[in-house]
Amino acid sequence: MAMSRRKRAQAFRGAQYALLVIVILVLAFVADWGEIQRAFFNVDAARAQFPGVITTALVNTIVYTALGFAFGLAVGLVLALMKLSSVGPYRWIATVYIEFFRGVPALLVFITLGFGVPLAFGLKFDIYSTVMLSLGLVGSAYIAETIRAGIQAVPAGQREAARSLGMSQGRAMVSIVIPQAFRIILPPLTNELILLTKDSSLVYLLGLARDEYELTKFGREGLNATGSLTPILLAGLCYLIITIPLGYLSRYLERRTGRKSERGLEVEA
Amino acid sequence: MTDTIVSVSGLHKAFGKLEVLKGIDLEVQRGQVVCIIGPSGSGKSTLLRCVNLLEEPNSGSITVNGFEVTDPDIDIDRARRGIGMVFQSFNLFSHLPVLDNLTIAQRKVLKRDKAEAEKVALENLRKVGLTGKERSLPTQLSGGQQQRVAIARALSMDPDVMLFDEPTSALDPELVGDVLAVMRQLARDGMTMLVVTHEMQFAREVADVVLFMDGGVVVEQGPPSRVIGDPQHERTQTFLSRVLNPAHVDE
């Protein structure tokens, strides 16, 4: 018997809800809730993490990320300009750099910079410099591509207007094009910052002293000490404290730039 | 003694295989208003953009106010200071408020101090009838207002000659008048102007010389009464009859 369109839609939606309920019920009965509670929600283990998880781990994660991002942004800007240069070798070097660091796992970069460079060149960086270099080198490859796209998204008329007022190419770039490019790429740049926040967990490879622990390392140490997974859960939550506001910031910036250009069109039309 | 400010000779420009300008000669005297008319694709905008070297000619020479802009050894940024340009799409710096749009080049290029640059900017905003808009962002203005800001921005550099590239083509019909009024006043004040336009009425009233271009050459030039009022060439006649009687379709 043929069902009406409305009946069919109702039946389909009903089936989807039923499936969801079944999955939840199965999980609820199959899982060992007592064990889960002991592993992840151990109040004593959680209490033992404070205040270090905030005062040391969260703070260090933020500091490492900020250092890496600042360095990555500076190198990324230079790479983006190289990629747009009229001098061939600049373009090639930038392309090779970007392809290399974008294609190699951050983990390998950390190992190379942390152990390889001191061995090879006899240079020894302190922890902050190593973090800044390795996170920055990896981040800059992604950031460079974002900035390049932003610069190219600035309408050609802006540069022409600047040049026709007598500004040199460099002056037009610095005063007119780059400020507008950064407005355009603020949302994707925020996403790069979120990715870098998570990549900062790789710092543990370098061998950290207690007061240099970041969230992941701190959580793992907590796991070893207490035998409970609660510290890991706690570390995860701390990452979310950083990344969720950044995500909202990114979406807010996206909406704001979107609305601005719409409003512009509206007036023009 | 004539006082030639813009002189173009033997100008050729091609984009790839497409030859857009096929030998243009042009002289503009100080204080003259020259209107360039012609069908789209005739090369009039390209000619204008060659004058301040936004497009690089393939051959020929252009001299503006003593600067041979086509000479590769010339300081083109310096030459451009004296050449104001107004674009069809305004091209205001969208990240800067109106006042900063008018002062940024004064400060960075002419090295004027903040107070002087702002004084010049406010005077030019008054000229285009936009006093009180200095804090607005370009997106908050109508097209006509944006174009007048663009004119004020160019004027703030104290140019010797102004180039207008279809300044009213992107505007709603009711906003065209304000922009043309500013341009009329500018012409009355003695500014040398090269204007690419489809506004025949403006060309007729304001121009000293009208150039009709088609297919990359100047077909006809002379006072507006002759080129627009009594065109000699068939191509000019056809173009003008189409522009002046747009509803009329001929075979």
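Give the average, rounded to an integer, of partner chain Cβ atoms located within 10 angstrom of each Cβ in B:89-99. Walk me through the intermediate numbers first.
Numbers: counts 5, 3, 10, 3, 9, 10, 9, 4, 0, 0, 0.
Mean partner-chain Cβ count within 10 Å for B:89-99: 5.
From the phi angles alone, apply the Karplus equation (6.51, -1.76, 1.60; θ = phi - 60°) to segment B:225-237 and give each ³J(HN,Hα) in whole Hz, x where the residue is Gly or Pro.
Computed from phi, the couplings for segment B:225-237 are 4, 8, 5, 8, x, 8, x, 8, 8, 5, 4, 5, 4 Hz.
May I ask for the accessible area buried between chains B and A, both sides summed, probe 1.4 Å, to the nearest 100 Å²?
Details: alone 12010 and 16430 Å², together 26290 Å².
Interface area, both chains combined: 2100 Å², rounded to the nearest 100.
Which whole-Hz couplings ³J(HN,Hα) result when phi for each residue of segment B:40-47 is put into the Karplus expression 6.51 cos²θ - 1.76 cosθ + 1.60, θ = phi - 60°, listed in order with x for Gly and Pro?
These are the phi-based 3J(HN,Hα) values: 5, x, 7, x, 5, 5, 4, 4 Hz.
Grab the Cα-Cα distance for B:A14 and B:D208, subtract it from 0.36 nm times how many residues apart they are, and report the gain in nm with one decimal.
On the way: separation 194, 0.36 × 194 = 69.84 nm, distance 2.91 nm.
My answer for the length gained is 66.9 nm.
Based on alpha-carbon atoms only, what is the radius of gyration of segment B:82-213 relative to the globular estimate 2.2 N^0.38 Å? Please report the intermediate quantities before stating the final value.
Details: Rg = 14.2 Å, N = 132, 2.2 N^0.38 = 14.1 Å.
Relative to the 2.2 N^0.38 Å estimate, segment B:82-213 comes out at 1.01.
Tell me, what % of the accessible area of chain A is carbon and sulfur with a 1.4 angstrom probe?
Working: 10240 of 15310 Å².
Of the solvent-accessible surface of chain A, carbon and sulfur hold 67 percent.
Count the net charge of all other residues whose Cβ sits under 12 Å from the Cβ of A:A80, scoring Lys and Arg as +1 and Asp and Glu as -1. Before the final figure, lay out the partial values.
Numbers: positive: A:K83, A:R91, A:R148; negative: A:E145.
That sum, taken over residues with Cβ under 12 Å, equals +2.
Using just the C-alpha positions of segment A:77-203 as equal point scatterers, what log10 of I(q)/I(0) does the Debye formula give at each q in 0.17, 0.19, 0.20, 0.21 1/Å?
Scattering profile of segment A:77-203, log10 relative to I(0): -0.93, -1.06, -1.12, -1.18.
Would you tell me the mean number of C-beta atoms belonging to other protein chains that fall within 10 Å of each C-beta in A:155-163, as a whole number? Write out the running numbers ahead of the final one.
Numbers: counts 3, 2, 6, 5, 2, 8, 14, 6, 7.
Counting other chains' Cβ atoms within 10 Å and averaging over A:155-163 gives 6.
Can you give me the accessible area per residue for segment A:72-205, using a 1.4 Å probe, in Å²?
Values: 5990 Å² over 134 residues.
Spelled out: the 1.4 Å probe surface of segment A:72-205, per residue, equals 45 Å².
Can you give the net charge of the other residues whose Cβ lies under 11 Å from the Cβ of B:V219, counting K and R as +1 and D and E as -1?
Values: positive: B:R235; negative: B:D214, B:E220, B:E234.
Combined, the nearby Lys, Arg, Asp and Glu give -2.
Considering only protein heavy atoms, with the full assembly of protein chains and a 1.4 angstrom probe, order B:S59, A:S200 by accessible area, largest first. Please list the in-between numbers first.
On the way: B:S59 50, A:S200 0 Å².
In descending accessible area the options line up as B:S59, A:S200.
So who's got an amide H within less than 5 Å of the one on B:G60, skipping anything under 5 residues away but keeping other chains? H placed 1.01 Å off N, in plane.
Here the answer is B:H12, since their amide H atoms fall under 5 Å of that of B:G60.
Per DSSP helix of 4 or more residues, -39500 (n - 2.57); summed, then divided by the residues of chain B. What does that give at 222 nm, rounded to the nearest 500? Before the final figure, lay out each step's value.
Details: 9 runs with 90 residues, N = 251.
Result for chain B: -10500 deg cm²/dmol, rounded to the nearest 500.
Inside 10 Å of the C-beta atoms of A:170-182, what's the mean count of C-beta atoms belonging to other chains? Let's see the in-between values first.
Details: counts 0, 5, 3, 0, 1, 8, 8, 1, 0, 4, 4, 1, 1.
Counting other chains' Cβ atoms within 10 Å and averaging over A:170-182 gives 3.
Give the range of the longest stretch in chain B that excludes all trypsin sites (Lys or Arg not before Pro) found in loop regions by DSSP and having at most 14 other beta-carbon atoms within 10 Å. Can you show the working numbers first?
Working: sites that count: B:K17, B:K111, B:R135.
Maximal segment without exposed cleavage sites: B:136-251.
Can you list the residues of segment B:107-124 that have at least 20 square angstrom less accessible area with all protein chains present than in their chain by itself, probe 1.4 Å?
B:K108, B:V109
Just to compare against my own numbers: the Cα pair-distance distribution for segment B:1-57, 10 Å bins, whole % per bin, please.
Result, from short to long distances: 21, 54, 21, 4, 0 percent.
Comparing the chain by itself with all protein chains present, which residues of segment B:53-87 are at least 50 Å² less accessible (probe 1.4 Å)?
With the partner chains in place, segment B:53-87 has these residues losing at least 50 Å²: B:D77, B:R80.
Which of B:H12, B:H198, B:H233 moves most in a GNM of chain B, Cα contacts under 10 Å?
In this elastic network of chain B, the residue with the biggest mean-square fluctuation among B:H12, B:H198, B:H233 is B:H233.
Jot down the radius of gyration and Dmax of segment A:1-52, Cα atoms only, both in angstrom.
21.1, 67
Per residue, how much accessible area does segment B:86-199 have with a 1.4 Å probe, in Å²?
Values: 4300 Å² over 114 residues.
Here the per-residue accessible area is 38 Å².
Specify the angular offset, from 0 to 90 degrees and rounded to the nearest 10, of the alpha carbon long axis of helix B:98-108 from the longest principal axis of the alpha carbons in chain B.
Rounded to the nearest ten degrees, it is 90.
The protein assembly as shown: Rg/Rh from Cα coordinates, Kirkwood Rh? Walk me through the numbers on the way to the answer.
Numbers: Rg = 32.2 Å, Rh = 28.2 Å.
Radius of gyration relative to Kirkwood radius: 1.14.
Report, largest value first, the span of the C-alpha coordinates of segment B:7-122 along each principal axis, in whole Å.
Projected onto its principal axes, the Cα set of segment B:7-122 covers 47, 29, 29 Å.
The values are calculated or read from the model by the stated rules, or taken from the named source; none is laboratory data. The model shown is predicted, which means the values in this text are computed figures rather than measured ones. A quick note on method: Cβ atoms are made from the backbone with ideal geometry, for glycine too, and the neighbour counts reach across all protein chains shown. Heads up: the accessible areas ignore ligands, DNA and RNA and are worked out on the full protein's heavy atoms, side chains in. Shrake-Rupley method; radii C 1.70, N 1.55, O 1.52, S 1.80 Å.
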